[in-house]
C-alpha cells in the first residue's frame, strides 16, 4: 500500500484531483471567485498588495471595517501551487458587513518555493497583521484565522506556531480558528499528481503535517471549528474528521460543521453572507452571532 488502503496513484488521485473529478465545478468556482471579488472591491474600501515581507509574493489585501474592529485573516487554497489573494476578496463581504476587518494573505507558490516557505510566509503575515492592526483599524487582541483546502492546512500550521519563542508575540495571538475542507496529513501527496509541483521530501511531510504537531493545551491554543462540505470526497472528509478527533483527544476545544449540499468548490461561498451556516459559525466563535 502507498498510503492507508490506497495501492496506486490512480486511487489517490481519484480522491484528491478535484479538477479531474469535478471539471464543471472547478470552472464555475474560478469564475465565481473572479466575479464576486471584483464586486467586493467595487463596494468596499480596500488596500491591495500591502507588503509584509521582502519578496513580491509577501503581501496582504486589506478590507477595513472601522476602528477597533475584530480581525479575520483568511488564507486561500489551491494545493499550495495555485491562486493569489486577489481572487479571494469576496470572502470579505460577509465579515465586513458585521464590522470584521478582513485580511486576505498572499504567499509564494510551489514549486518556486517549498512548502516550508509557504508556512513561514503565512506565519509572517499573521505576525505583521498583529503588529500593524491599528494601521487598518483592527484590534490585535481579537484576531481570528480561517482558511480553505490548502489554506486550511496553513491555518492548522499557524496553530502549531511558537508565537512567543519565534515572533515575540503573545502565546494567545490567535483567538479562534476555522478550517474549511483542510488537509492535515501530507503523507499521501508524494504519491499523487501534486508531487511534481510540491516536490515534498519526507522530512517536509513530517514537519508540515498539522496532525503531527498539535498544540499543548496549556499553550493558549484557540477554539477550532472544522468545517467541510457534505459532498466532499471521502478522503477530504476523513482528513477533517481525523484532525478534529486528534485535536479534541489532545484536550483542545473544537467543533464540527458539515455544510449540506456543498462540494469542495462551493463550500466557501458562505463568506458572502453573514447569515450563512459557515459564517454564522465563524462569527459565533468571535462572539458576534
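Taken together, the values in this text are just the output of simple stated rules run on the coordinates, not laboratory data. These numbers were taken from a predicted model, which means no experiment stands behind them. Cβ: placed from backbone, ideal geometry, glycine included. Neighbour counts: every protein chain shown.
With neighbour counts taken as other beta-carbon atoms within 10 Å, the residues 71, 115, 211, 174 rank, fewest first, as 211, 174, 115, 71. Rg/Rh, computed from the Cα trace of segment 103-177 with Rh as the Kirkwood radius, has the value 0.95. Which angle from 0 to 90°, rounded to the nearest 10, does the C-alpha axis of helix 234-249 make with the longest principal axis of the chain? With both axes taken from Cα atoms, the answer is about 60 degrees.
Taking the number of Cβ atoms within 10 Å of each Cβ as an exposure proxy, the fewest-first ranking of 173, 114, 8 is 8, 114, 173. Take every Cα pair under 8 Å in segment 161-272 that's 6+ residues apart, average their separations, divide by the length, and report that relative contact order as a whole percent. Result for segment 161-272 is 30 percent. With neighbour counts taken as other beta-carbon atoms within 10 Å, the residues 262, 39 rank, fewest first, as 39, 262. Segment residue 28..residue 8, full-extension length gain: 4.2 nm, with 0.36 nm per residue of separation and the alpha-carbon distance subtracted. With contacts taken as Cα pairs under 8 Å and at least 6 residues apart, the chain reaches a relative contact order of 18 percent.
Taking a ≥ b ≥ c as the square roots of the eigenvalues of the Cα gyration tensor, segment 172-289 is oblate, since a/c reaches 1.5 or more and a/b is not larger than b/c. Kirkwood hydrodynamic radius of the chain, from the reciprocal of the average inverse Cα-Cα distance over all distinct pairs: 18.8 Å.
Taking only Cα atoms, what is the 0 to 90° angle, nearest 10, from helix 23-43's long axis to the longest principal axis of the chain? The angle comes out at about 10 degrees. Taking the inverse of the mean reciprocal distance over all distinct Cα pairs, the Kirkwood hydrodynamic radius of segment 22-175 comes to 15.5 Å. Compared with the dominant principal axis of the Cα atoms in the chain, helix 150-159 is inclined by about 70°.
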